[in-house]
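Read through the structure below, which is laid out as structure tokens, and then see the notes.
Coordinate-derived values only; no laboratory data. Fair warning: this is a prediction, and the values are worked out from it, not measured in the lab. When we count neighbours, we look across all protein chains shown, and the Cβ atoms used for this are built from the backbone with ideal geometry, even at glycine.
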Amino acid sequence: MKLSTTLLLFLSILSQFSGKAQLAKGDRIFAWQVDAAENDDYEAAFTFAANACQESTHLSLTWSGLEPDAGEFDHDFIASRLDIANLYYSINDVMVEMQVSVTNIAIKEVPADLDEVPFDDPLMVARFKTALDTIFQHIPDIELAALNIGNESDILFGTDESMYAAFKTFLDSIVPYAKDSYFDLYGKELKVGTTLTLGGLISPEKSAYCQMMNEDLDIITVTYYPLAPDFTMESPTVVADHFDALVALYPSVEQPIYFAECGYASSETCNSSEDLQAEFFSAVFNAWDEHYDNIKYLTVFKSTDWSFEDVEFFEEYLGIDDPIFLEYLRTLGVRTWDGDGTNKLAYEVILCELEARDWCDVECALSNISTSPAHNSIQLFPNPTNGILNIISEAPIKELTIYNSIGESILTTNETFANVKDYSAGIYLVHITMNDNTLQTLKFSKQ
């Protein structure tokens with residue numbers, strides 16, 4: 001018999017928790033992008049995130065949605081986005097990371113009359129200051145974790161240095177105004193940044209331009225989805241290197257890194273799965289621990305999958321009809337969309353990662369899974385080992401199989417010992433079938 005891939009992942013995660021100390025929460029902030037399932041029950045969706053230590057939420061709005069044309073503010077938009085947010089999030093004591101998209105991926109999101117106006121034009125600056133005044137007046141009770149102006153602008157700007165320079169001029173005028181206005185209204189300091197992709201931030205072609213834009217901002221704001229060029233997901237093993245590269249470029253603890261979006265699709269079409277999505281978030285928490293001093297904020301994007309109807313909207317909005325890309329978008333949630341939604345493994349793993357760091361009052365359900373009977377008397381010796389691993393058992397053993405950390409079977413034998421001298425250092429699982437066909441699972445460490 002073989003262990004299921006999911007069970008192997010459970011056990012691998014548990015072995016990480018028992019074999020390595022995770023850093024306590026400290027002053028880090030954990031946030032969610034909250035989306036309702038097909039049932040359209042936002043309260044249930046909010047509870048889903050609240051049960052996973054939600055301290056803040058990601059709230060995005062476009063300037064063009066707020067002000068479709070010159071001075072024509074959309075009052076329905078303001079009521080449905082800002083007024084409700086001000087009431088709901090303040091009552092529930094949740095902070096807001098607000099994304100005001102003057103750029104959104106590859107699209108310029110400004111009022112129609114400004115579409116051809118460059119960002120460094122004084123008219124653009126003056127009009128956006130008025131837009132900010134309107135926004136601030138409608139969120140008196142919200143605690144802003146951050147204000148980010150522009151979303152993934154590096155995709156729109158490409159390698160055009162002049163566009164980055166113009167936007168830098170825009171930010172240099174807007175950021176001091178936003179901070180001063182917010183303090184004058186509410187007596188609170190405001191952190192301001194601009195959102196760029198992790199790929200853009202560390203790209204040899206774009207990194208210098210991105211650094212120029214980030215130079216005088218309070219925070220480095222980033223979105224992170226490890227995508228290959230064909231929109232398939234890269235292996236979760238890239239996470240550590242990506243985080244290392246980002247912090248190497250932005251090492252100052254005086255300018256902390258905020259992940260405004262962090263996600264991983266689960267669709268097989270994207271060379272992924274729910275197991276790989278779960279591994280990704282486990283890797284994210286471990287990399288976050290490694291860079292505790294620099295990374296202070298992270299949003300899971302997103303709580304719930306988008307519907308096919310949502311994806312059709314993005315297909316038209318972005319002008320991308322690649323089926324792999326659309327599946328990537330559709331399956332970013334850690335809960336499915338149909339009906340009330342069903343938790344994916346990633347959600348359970350996130351709970352475990354949070355519990356391991358004593359983030360909030362949360363319980364890791366995976367830690368309650370037992371794969372061995374209570375009367376199990378099997379021992380592995382020595383453990384850790386760098387040579388021969390002995391299996392000591394009072395009852396007869398029929399077969400044992402050793403699995404590596406990614407669930408691959410690397411040895412099957414009916415002996416009660418295994419030579420693991422040539423194995424790489426790390427944690428391994430031993431799946432033992434007894435003569436009565438009961439199953440036992442243990443782990444050992446190879447030094």
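Within region 198-278, the ratio Rg/Rh, alpha carbon atoms throughout and Rh by Kirkwood, equals 1.01. Positive-end ranking of Trp63, Ile410, Tyr177 along the dipole of the chain, with charges on Cβ about the Cα centre, is headed by Ile410. With the helix formula -39500 (n - 2.57) applied to DSSP H stretches of n ≥ 4, the chain reaches a computed 222 nm mean residue ellipticity of -10500 deg cm²/dmol. How much length is gained if the chain between Gln255 and Leu318 is pulled fully straight, taking 0.36 nm per residue apart and subtracting their Cα-Cα distance, in nm to one decimal? Taking Gln255 through Leu318 to full extension adds about 19.5 nm, to one decimal. To the nearest whole percent, what portion of all C-alpha pairs in region 379-446 is separated by more than 20 angstrom? When every Cα pair of region 379-446 is considered, 19 percent fall beyond 20 Å. Pairs from the table (Lys398/Lys421; Lys129/Lys168; Lys188/Lys302; Lys421/Lys443; Lys129/Lys206; Lys188/Lys296) lying more than 25 angstrom apart at Cα are Lys188/Lys302; Lys129/Lys206. Multiplying the residue separation of Ser80 and Leu439 by 0.36 nm and subtracting their alpha-carbon distance yields 123.7 nm. Of the trypsin sites (Lys or Arg not before Pro) found in region 73-166, none is in coil by DSSP with at most 10 other Cβ atoms within 10 Å of its Cβ. Between Asp241 and Asp184, the simple label model (points 7 Å from Cα in the Cβ direction) yields a spacing of 5.0 nm. The reciprocal of the average 1/r between distinct C-alpha atoms defines the Kirkwood hydrodynamic radius, which for region 158-301 equals 16.4 Å. Cysteines in the chain lacking any other cysteine Cβ under 4.7 Å from their own Cβ: Cys210, Cys262, Cys270.
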